[in-house]
Amino acid sequence: MSVSDVRIRRATHDDYDAVVAMVEDVWADRGGDYLPEIYHDWLEEEGAEDTKTFVAEVGDDVAGIVQAVLVGPEEAWFQTMRVDADYRRQGISGRLNRASFDWARDRGATVGRVMIFSWNVASLAAARSSGFEPITEFRWAHPEPDPDAAIPEGYDVLEKPAAAWRYWTDSPAREHLRGLGLAPEESWALRELTREDLTELPALAVADGDGLRGSAYRSRVDERTGDDGEVRTRAEYAGAAWADLEGARALFGAIARDAAAVGASEVRVCLPETAETVSDAASVADAVSEEPDFVLGIDLTR
């Protein structure tokens, strides 16, 4: 069938088998697609105001899927774009994108963003052809939760939102990330970080005798099931910025202690993708992800 036969509609739980069949070969060399495992929990309830999942239907086939989420009064996040191999390069992703753009625009969003793995060049090309422009890149650090994590001598941990906001505001990390931090409303989503966020979310700052030396905030704590079937609690942090290697050591110690206090068994910290930041994190964290992720955005007022 041709692109003219495509129908865009809301995805439902009844589409599960078709979606699983559509993505069965996606990322086969990287452990497979995560969508089948989360689909029923990920799908919004009918009538939801802040989330809409679209499928492209060609005849009896589900040819593509994408989800749009409002993560702020004027910000939308688009995620999990998939197109069936038999229907690629036929404009399916463009049709899905236009539907999600219209939905977000009608609800007041002026900007939309998407995260794409840096190795996923096909999705990067598709996003650029749909009007997305590059914004920034980030990487994850994975310190181990530890109630007794070391804090360098002379450093204090301040649980003061105003201090964390002040340090973040003037940091190169904020400039590199264009003011974006992890959205507490949605996993794997970024939005503009506000002072109000750091009033409501647990925030950390580290300081020595010369003043503030680093900041971060905890965006969410959730449970996830690993490949071995074991349920683990993961704490996520963003707004991570520091002055130097010793400041990084103090901040990651504070994060490790905070994660242990909330019962986390796993931690990930969002870092700006710069040589200095990643090499500092590699020196003080237990692990750092091997590849960065890219964030692209589109002006929805166009």
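The values are calculated or read from the model by the stated rules, or taken from the named source; none is laboratory data. Everything quoted here is computed from the prediction, not taken from an experiment. Reconstructed Cβ throughout: ideal geometry from the backbone, glycine too, with neighbour counts over all protein chains shown. Just the protein is used for accessible areas: all its heavy atoms, side chains included, with ligands, DNA and RNA removed. Shrake-Rupley method; radii C 1.70, N 1.55, O 1.52, S 1.80 Å.
A few remarks follow.
- A viscosity of 0.890 mPa s and a temperature of 25 °C, combined with the Kirkwood radius over C-alpha pairs in the Stokes-Einstein formula, give the chain a diffusion coefficient of 120 µm²/s.
- Simple label model, 7 Å out from Cα along Cβ direction - residue 30 to residue 17, nm: 2.9 nm
- Rounded D (µm²/s) - the range 15-77, Kirkwood Rh over Cα pairs, Stokes-Einstein at 37 °C, 0.692 mPa s: 250 µm²/s
- Accessible surface for the chain, divided over its residues, is 47 Å² per residue with a 1.4 Å probe.
- Each helix, a run of at least 4 DSSP H residues, gives -39500 (n - 2.57); summed and divided by the residues of the chain, these come to -8500 deg cm²/dmol at 222 nm.
- For residue 153, net neighbour charge (Lys/Arg +1, Asp/Glu -1) across residues whose Cβ lies under 12 Å away: -2
- Under a model in which nothing but the beta-carbon of Lys, Arg (+1) and Asp, Glu (-1) is charged, the range 148-290 shows a dipole of about 320 debye around its Cα centre.
- Most to least packed among 243-251, 85-93, 132-140 [average Cβ atoms within 10 Å]: 243-251, 132-140, 85-93
- For residue 11, the residues whose amide H sits under 5 Å from its own are 53, 54, 55, ignoring neighbours fewer than 5 places away on the same chain, with H placed 1.01 Å from N.
- With both labels modelled 7 Å from their Cα along Cα-to-Cβ, the residue 117 to residue 170 distance reads 4.0 nm.
- Fully extending the segment from residue 148 to residue 5 would add 45.4 nm, taking 0.36 nm per residue of separation and subtracting the current Cα-Cα distance.
- The share of C-alpha pairs in the range 163-302 whose separation exceeds 27 Å stands at 18 percent.
- Efficiency of FRET from Cβ geometry, residue 290 and residue 46, R₀ 45 Å, rounded to 0.05: 0.70
- Of 269, 282, 294, farthest towards positive along the dipole that unit charges on Lys, Arg, Asp, Glu beta carbons give the range 255-302: 269
- Distance cut-off 22 Å, percentage of C-alpha pairs in the range 31-160 lying past it: 49 percent
- Sequence-distant contacts, meaning Cα pairs under 8 Å at least 6 residues apart, place the relative contact order of the chain at 20 percent.
- Summing Cβ point charges (Lys, Arg +1; Asp, Glu -1) relative to the Cα centre of the chain gives a dipole of roughly 1060 debye.
- Ranked by the mean number of other Cβ atoms within 10 Å per residue, highest first, peptides 198-206, 232-240, 66-74, 275-283 order as 232-240, 198-206, 66-74, 275-283.
- Per DSSP, loop chymotrypsin sites (Phe, Trp or Tyr not before Pro) in the range 1-58 with at most 14 further Cβ within 10 Å: 27, 34
- Of 130, 104, 13, farthest towards positive along the dipole that unit charges on Lys, Arg, Asp, Glu beta carbons give the range 1-131: 130
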